[in-house]
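Okay, structure first, notes after.
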Amino acid sequence: MCYFEQTRWSCGYWKWGNFRQQCNKEYRTGETCGLKLVYDTSYMHGQCKICDQITKKDRRMRKMSEDIQRWQREGNRRATIEKTQQDMTEIQIQINDLCHSHQEKQRSIC
Ligand SMILES: [Zn+2]
């Protein structure tokens, strides 16, 4: 059990920081025993990078669906609409992946 710094964001996401202190099970200098414990937690204001990415992609999705609605009213834009819908499907998959890794991190115990 070796001690590490930890950073925690207000959205619940966290990550390990610098190595701080060795435990008495580990005698090799600079090595860690593999089991991490929290030495100190620094709390960050705001959301983590994953949430930032999700927010950005969400905003893009909203913009794209507005575009599609406008193009549908204007007519004659079928190819563009189809292309944009494909892009939206891809972005939705990316958002799902991001959400998934965020949830996994929140669920894992440190
Ligand atoms: Zn987050």
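Total residues in the range 64-79 satisfying the condition of being free of Cβ contacts under 8 Å to residues at least 12 places away in the same chain and out of contact with any helix residue (DSSP H, G or I) (no Cβ under 6 Å at 6 or more places or on another chain): the figure is 10. Set side by side, the residues 94, 69, 21, 85 differ, and just one is within 16 Å of the ligand (Cβ to nearest atom) and open to solvent by 40 Å² or more (accessible area, probe 1.4 Å), which is 94. The residues listed here are 98, 37; of these, the one that is touching a residue at least 12 places away in the same chain (Cβ under 8 Å), aliphatic (A, V, I, L, M), within 28 Å of residue 7 (Cα to Cα) and not in a helix (DSSP H, G or I) is 37. Checking each residue in the range 46-63 for being in contact (Cβ under 8 Å) with a residue 12 or more places away in the chain, assigned to a helix (DSSP H, G or I) and of a type outside the set (D, E, K, R) picks out 50, 51, 53, 54, 61.
Residue count for the range 28-66 satisfying the condition of being aliphatic (A, V, I, L, M) and open to solvent by 50 Å² or more (accessible area, probe 1.4 Å): 4.
The values are calculated or read from the model by the stated rules, or taken from the named source; none is laboratory data. From a predicted model like this one, the values you see are computed outputs, not experimental measurements. In this analysis, Cβ positions are derived from the backbone assuming ideal geometry, glycine residues included, and neighbour counts consider all displayed protein chains. Surface areas here come from the heavy atoms of the whole protein model, side chains and all, with no ligands, DNA or RNA. Shrake-Rupley method; radii C 1.70, N 1.55, O 1.52, S 1.80 Å.
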